[in-house]
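Some notes on the structure that comes next.
Nothing in this text is a laboratory measurement; each read-out follows from the coordinates by a stated rule. The model shown is predicted, which means the values in this text are computed figures rather than measured ones. Cβ placement follows ideal geometry from the backbone for every residue including glycine, while neighbour counts extend to all protein chains displayed.
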Amino acid sequence: MIIDADCHISARKTGIDLAEKHPQWYMVDSESDYRKIHKALKVLGPSQLCYGSDAPFCPMRYEWRMRHVVYQDLNEADRALVFGGNIARLLKIR
């Protein structure tokens, strides 16, 4: 299952909380607040998080650069997971 990192199940439960209990769930960071992305990285790790742009609503050049700032502390292998590796594994295209 793929859910948005901004997903709220109730006032106290978020998609991050549910994904923590279901390792087969993936979070997509499309237009998510960077604090939620950092929380998802801390709770779930990079193996459950996928980059997703909000294109065409948000200019891709802005979105792409912003996400590189958000993910700057990840090592190269973890960034590769977030920026395509996880979704490729999920869709079985790699």
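Panel order for Ile87, Ile37, Ile16, by other beta carbons found within 10 Å of each beta carbon, from fewest to most: Ile87, Ile37, Ile16. Partners of Lys13 within straight-line reach, counting lysines whose Cα lies under 22 Å from its Cα and excluding those fewer than 8 residues away in the same chain: Lys21, Lys36, Lys39, Lys42. Note on Lys36, Lys92: ascending count of other Cβ atoms within 10 Å places them as Lys92, Lys36, the fewest first. Put simply, the amide H of Leu49, placed in the peptide plane, has neighbours under 5 Å in Met27, leaving out anything fewer than 5 places away on its chain.
For Thr14, the residues 5 or more places off, or on other chains, whose built amide H falls under 5 Å of its own are Ile9.
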